[in-house]
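Visitor: Got a structure here, written out as structure tokens. Questions coming.
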Amino acid sequence: MIKEVHETVIWHWGAMTFHGKTLIMTWISMTAVLVFCYLGVRNLTSGKPGKMQNVLEMIVDFVKSVVADNMDYEKGRPLLSYLVTLIMFVFFSNMLGLIPNFTFGLLHDVHFAQLGHIFASPSMMSPTADINTTMALALLTIFLVVYLGIKTKGLHYFHHFIEPYPVFAIIHAIDLLSKPMTLAFRLFGNIFAGEILLGVILMLPGIWVLPGILPTTIWLAFSIFVGAIQSYVFVVLTTAYVSQAVSESH
Amino acid sequence: MGGNPIQFDFTVPATILSFLLLVYLLSKLAWKPLMKMMEERRTNIESMLASAENERQQAEKIKREYQEEMRKARHEAQEVIAKATKVSETRASEILAASHEEAEKIKKSALVDIQRERDRAIAEVKSQVADLSVLVAEKIIRQKLDLKGQGELIEQFIQEVGEMQ
């Protein structure tokens, strides 16, 4: 059944394989974020902002407050661009899987990049419903944590691995490894499960189609909620991990 | 591919690159200018608040100055009025005194005139009476002179006239 909901489309390039559907959806999400932001910054003004600029400023202020709550704001300022992009990308990605497939089968016979297969399912797909995407984002977070830790503290950053005793290095290593794992699997699990259930509801047999409107609506609403919460959680945890790495107490 | 949804492949680096591209594009095209604008607005509002405070203080100062000036002006006006009142009072009393004096003078000269007129009138009357009495005497004498026995009467009359003088 999982296979039926998300048919994995594999692209081959040399010896490398890619999840074509995930990448296509990632790029659709990126385009959506770019268009959204373009609408916001089209008529930038320091006076009375337009509606879209106001929305973007609210998002930026929101992420700013998240950063300011977790760490010294001046230290977190360079991260702000990354974090705002992250929260928007994850949120748009989570939402993408809830949007019906509006290609109406027009791409059915397109063999280029197997687009016909990619746009075969009844809904679009969240890129975050693929562990590859969430793992990529989580790895970036951990790279960022280690990089900023070394940047602020130099080699002294590694000192905290052997605190209070060298034997604790094992625990610290597990801690460092578990951070991207939990980040990736939490987001993936939430969104993937949501899409599976959405697909299952959509696969109800014909007689259930009309009564199925109600559970679909409820589940879509709940998925919007979950998607928003998960994007927030991802950003908050990234901020928290970074603040742990750059804070003075370690 | 089976039913296992957890399969890692080169999608991970591809996604990392895509996402980093997105971060780069957005931070260059959206967040930097947007945050600059927000910062600009912040400083704008700050400076506006500062200038408003400044202007308020200035207005306060000007108001205080005006009040001070008004107070001074009122004070001066009162002084002027007081001075004018005093001047007019003295002037009035002077005028009154002068007019009293004038009146006194006029009265005195009038009295002198009256006295003189009266004296003159008396003198005139006297001389007229004397003339008249002489005339009367003449008439009587002319009527009665020829009448005898009137001698003592004339005598008496002449005597009386003489006493009058």
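The values are calculated or read from the model by the stated rules, or taken from the named source; none is laboratory data. Only a predicted model underlies this, so the values are computations on that prediction, with no experimental measurement involved. For neighbour counting, all protein chains shown are included, and Cβ atoms are generated from backbone atoms with ideal geometry for every residue, glycine included.
Visitor: Please verify whether the stretch A:182-191 includes one or more residues that are among the hydrophobic types (A, V, I, L, M, F, W, C) and either exposed (fewer than 13 other Cβ atoms within 10 Å of the Cβ) or part of a loop (DSSP other than H, G, I, E, B) (or both).
Guide: no
Visitor: Hey, among A:57, A:74, which residue is at the interface with chain B (Cβ under 9 Å from one of its Cβ atoms), of a type in the set (D, E, K, R) and free of Cβ contacts under 8 Å to residues at least 24 places away in the same chain?
Guide: Of A:57, A:74, the one residue that is at the interface with chain B (Cβ under 9 Å from one of its Cβ atoms), of a type in the set (D, E, K, R) and free of Cβ contacts under 8 Å to residues at least 24 places away in the same chain is A:57.
Conditions (1) over 17 Å from the mean Cα position of the chain (by Cα); (2) over 30 Å from residue A:136 (Cβ atoms); (3) modelled with pLDDT of 90 or more, marked per residue:
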position: B:35; (1), (2), (3): yes, no, no
position: B:52; (1), (2), (3): yes, yes, yes
position: B:61; (1), (2), (3): yes, yes, yes
position: B:65; (1), (2), (3): yes, yes, yes
position: B:71; (1), (2), (3): yes, yes, yes
position: B:85; (1), (2), (3): no, yes, yes
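Visitor: How many residues are surrounded by fewer than 17 Cβ atoms within 10 Å (Cβ to Cβ) and basic (Lys, Arg) when one looks only at the stretch A:19-50?
Guide: 2
Visitor: If I filter the stretch B:128-138 for residues that are more than 46 Å from the chain's Cα centre (by Cα), under 30 Å from residue A:47 (Cβ atoms) and surrounded by 10 or more Cβ atoms within 10 Å (Cβ to Cβ), do I get at least one hit?
Guide: Within the stretch B:128-138, not a single residue is more than 46 Å from the chain's Cα centre (by Cα), under 30 Å from residue A:47 (Cβ atoms) and surrounded by 10 or more Cβ atoms within 10 Å (Cβ to Cβ).
Visitor: If you don't mind, another one. Kindly check whether there is at least one residue in the stretch A:5-17 that is facing another protein chain (nearest Cβ under 7 Å) and part of a helix (DSSP H, G or I).
Guide: The answer is no, given that none of the residues of the stretch A:5-17 is facing another protein chain (nearest Cβ under 7 Å) and part of a helix (DSSP H, G or I).
Visitor: Please verify whether the stretch B:44-56 includes one or more residues that are farther than 30 Å from residue A:61 by Cβ and either free of Cβ contacts under 8 Å to residues at least 12 places away in the same chain or in contact with a Cys (Cβ under 6 Å, 6 or more places away or on another chain) (or both).
Guide: No.
Visitor: Which residues, taken from the stretch A:157-169, are part of a helix (DSSP H, G or I) and touching a helix residue (DSSP H, G or I) at 6+ places or on another chain (Cβ under 9 Å)?
Guide: Listed by number, the residues that qualify are A:157, A:158, A:159, A:160, A:161, A:162, A:168, A:169.
Visitor: Answer yes or no as to whether residue B:18 is of a type outside the set (A, V, I, L, M), within 7 Å of chain A (Cβ to nearest Cβ) and closer than 21 Å to residue A:131 by Cβ.
Guide: Yes.
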